[in-house]
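*Asks:* Before I ask anything, here is the structure I am working with.
The values are calculated or read from the model by the stated rules, or taken from the named source; none is laboratory data. This one's a predicted model, so the numbers in the text were calculated from it and none came from an experiment. All Cβ positions, glycine included, derive from the backbone under ideal geometry; neighbour counts span all protein chains shown. Surface accessibility is based on the protein's heavy atoms, side chains included, excluding ligands, DNA and RNA. Shrake-Rupley method; radii C 1.70, N 1.55, O 1.52, S 1.80 Å.
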Amino acid sequence: MTEMFDVTIIGGGPAGLYSAFYSGLRGMKTKLIESQRKLGGKVLLYPEKMIWDVGGQPPVPGHTFVKQLVDQALTFEPTVCLDTKVEYVEKTADKHFLITTNHGEIHETKSIILAVGGGIIHPKRLDCPGAEKFEGETLHYTVPSLKLFYQKTVVVSGGGNGAIDWAVELLDIAKHVIVVYRQGDFPAHEAQVELLRKRNATILLNSTIETLIPHNHRNKIKQVVVKNVVSEETNVIDTDHLIVSHGFDREDSLQFASSIRLRKKDEYFYEASPTCSTSEPGIFAAGDIINYDGKVYLLVGAFQDAVNAVNSAKQYIDPLAEKITMVSSHNEKFREKNKQLLETELKL
Ligand SMILES: Cc1cc2nc3c(=O)[nH]c(=O)nc-3n(C[C@H](O)[C@H](O)[C@H](O)COP(=O)(O)OP(=O)(O)OC[C@H]3O[C@@H](n4cnc5c(N)ncnc54)[C@H](O)[C@@H]3O)c2cc1C
């Protein structure tokens, strides 16, 4: 038999990472399983975007935020399995769970926290012949570093919040920003669109990118051919970089045994109570994968869910455990760090 864990968290995005920290704080033997090679979930898709809306946290770029989250999640030394996709979950006669992964391993656990967010997500690729050969060099689906675009001409393809946020961010960095969108108006946040219009970005609506023209013998884009879908006119635009933000494809490989009765709100979200219990005893959920009245699909929402899911899981495996815990700044694991911080304070 494999080693038994109190709680196994499926998904290593913000909800799963904070659950791992909090379950450690509540003294639970914890395992975290993540399908990607890196922890961080969707925040890995926006490493250079500034995050402004987490209470008490000064604005930080996504990559710093992920590092901080991961460091915190590892405080109580959970077992972490990376590059491991959970495929199947079944319940045993003694109300424990067996989790099967794509490697054929079986993990045993007394409770589960589902923190799978939008499933395993991949940015939608540009539908343009030969586009893949430019990937990473001058064609980008995530923005690895803003420095890359300094004083360059950048075409952004897309009209949702992701695309428009990038275009606005680049206004102070790039030489010229050109936004290409297939519809007649942007669905993105209107204040951001307004900013784009005021700041002299070139906006090509009703337009799609048809062809990418390379520099001679190189995997770099030199020009993009843009077609207006209404007038059918084409335009050849010189560019240094192309950012494509067309949304995401979602891979949902997670299956449950028929005896597990997990209710969904719709095709996408699991139904949960505000304390993050699902319809199946022993399975709790946190973050973007759940829905309940008042659910907030932001980092702060994921953190609140994580606390509730862990407290509910703790109660499930130990009904005599306290229902909620007070914030503890005096955990044994914090002692060394508290000491260092106090010494720094006293020196000031
Ligand atoms: C472009 C963009 C910008 C954003 N900006 C902000 C912002 O500024 N502020 C803010 O508060 N929020 C922002 N958000 C929202 C925020 O990122 C999400 O609310 C948050 O990431 C949700 O966390 P999560 O852990 O629930 O899901 P996710 O981040 O989606 O993580 C889920 C994890 O589960 C893993 N997984 C899925 N299925 C399996 C499986 N079967 N087995 C193993 N692992 C699995 C996935 O690989 C992933 O790592 C933004 C989102 C996007 C897309």
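*Asks:* Any idea which residue in segment 245-283 is nearest to Lys49 (Cα to Cα), counting only those that are open to solvent by less than 40 Å² (accessible area, probe 1.4 Å) and within 13 Å of the ligand (Cβ to nearest atom)?
*Replies:* It comes out as Ser245.
*Asks:* Sort out which residues of segment 109-141 are under 19 Å from the mean Cα position of the chain (by Cα) and either over 22 Å from Ala302 (Cα atoms) or open to solvent by less than 30 Å² (accessible area, probe 1.4 Å) (or both), and write them in order of number.
*Replies:* Ile113, Leu114, Ala115, Gly117, Gly118, Gly119, Ile120, Pro123, Lys124, Arg125, His140, Tyr141
*Asks:* Also, I was wondering about something else. Of the residues His140, His103, His122, His96, only one is closer than 24 Å to Ala272 by Cβ and either touching a Phe, Trp or Tyr at 6+ places or on another chain (Cβ under 6 Å) or in contact (Cβ under 8 Å) with a residue 12 or more places away in the chain (or both); which?
*Replies:* His96
*Asks:* In segment 41-54, what residues are of a type in the set (Val, Ile, Thr) and either part of a helix (DSSP H, G or I) or more than 6 Å from the ligand (Cβ to nearest atom) (or both)?
*Replies:* Val43, Val54
*Asks:* Pull out all pairs, ordered by first then second residue, where Cβ-Cβ is under 9 Å, the residues are six or more apart or on different chains, the first lies in segment 262-285 and is outside the structural domain of Ala306 (by TED's automatic domain parsing), and the second is at pLDDT 95 or above and buried (at least 16 other Cβ atoms within 10 Å of the Cβ).
*Replies:* Listed by first residue and then by second, the contacts come to nothing, as the list is empty.
*Asks:* Now a separate question. Quick check on segment 77-100. Is at least one of its residues more than 8 Å from the ligand (Cβ to nearest atom), assigned to a helix (DSSP H, G or I) and modelled with pLDDT of 95 or more?
*Replies:* no
*Asks:* Looking at (1) in a helix (DSSP H, G or I); (2) modelled with pLDDT of 95 or more; (3) farther than 28 Å from Ile317 by Cβ; (4) within 14 Å of the chain's Cα centre (by Cα), find the lone condition where Lys38 falls short.
*Replies:* Lys38 satisfies every listed condition except (1).
*Asks:* Can you tell me which residues in segment 1-35 are part of a loop (DSSP other than H, G, I, E, B) and within 11 Å of the ligand (Cβ to nearest atom)?
*Replies:* Gly11, Gly12, Gly13, Glu34, Ser35
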